[in-house]
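Report on the following structure.
The values are calculated or read from the model by the stated rules, or taken from the named source; none is laboratory data. Just so we're clear, the structure is a prediction, and the values are computed from it rather than from any experiment. Neighbour counts run over all protein chains shown; Cβ positions are idealised from the backbone, glycine included. Just the protein is used for accessible areas: all its heavy atoms, side chains included, with ligands, DNA and RNA removed. Shrake-Rupley method; radii C 1.70, N 1.55, O 1.52, S 1.80 Å.
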Amino acid sequence: MQLMLEKSAAGGGLRERKKRATRAALAEAAVRLAAEHGAEKVTVEAISAEAGVSVRTFFNYFDSRDDAFVVVDADAGERMRRAVLEAPADLSPLAALREAMAAELAEAEAQHELWRLHAKVLHASPHLLARGVGAHMAAEADLADALAERLRRTGDTGGPGSGTGSGSVTGAGSGLYPRLLAAVAGAAVRTSMDHWSAHQEEAAFLDVFHEVFTLLAAGLPAPSA
């Protein structure tokens, strides 16, 4: 989930839109160059030149060269956190998280090639893959924190059967439920992407994504014969 796409929507001021566009251009240049030449052969100078900006500008957006390969959109986590917290109170935690993720993944079909190249780059470099796993775990933990805060605000117990009674290890205050939900949602996104990639002609990505979350909301019933 660390590859979240820069938003092309008109939200935010002109300055913010330009900053998002510059970061997106740098990240895409880094991933494409790394996929073609190998990450270890790609320099900050090459990435900057490919994106049409200066090296100084590169370091306004990324602390190191490797960050450009791994953290494509550093603001995605904060956007999802806000979306989870600001979702209508009548939405279940799962539905609030689903809508927050769907907003980030709305352009997934258009950016499918970049997702594929990003995975190729990470898997070709053990240290980048390790950083990618770390970034994913950190993003998952942030989402779990947001879900826990939402549960405290709304008093939502997570739905029937969640075991949130007094002294329960799955209560809203325990952190177990939000951590599990964030982890399951991440797995749902990966499953949706993998399935859609293999069956693109059958359905749009967001349709597959919503079907996966519908199955989660239903408790993963066994499919009928």
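Brief remarks on what is shown
- Scanning the range 83-110 for residues that are assigned to a helix (DSSP H, G or I) and open to solvent by less than 50 Å² (accessible area, probe 1.4 Å) gives Ala83, Val84, Leu85, Pro93, Leu94, Ala95, Ala96, Leu97, Ala100, Met101, Ala102, Glu104.
- For Met193, the conditions (1) modelled with pLDDT of 90 or more; (2) assigned to a helix (DSSP H, G or I) are fulfilled apart from (1).
- Residue that is part of a helix (DSSP H, G or I), open to solvent by 40 Å² or more (accessible area, probe 1.4 Å) and within 15 Å of Glu78 (Cα to Cα), where the choices are Glu149, Glu113: Glu149
- Checking each residue in the range 105-118 for being closer than 17 Å to Ala188 by Cα and free of Cβ contacts under 8 Å to residues at least 60 places away in the same chain picks out no residue at all.
- Residues satisfying the stated conditions in the range 117-146, i.e. surrounded by fewer than 15 Cβ atoms within 10 Å (Cβ to Cβ) and farther than 23 Å from Ala182 by Cα: Lys120, His123, Ala124, Pro126, His127
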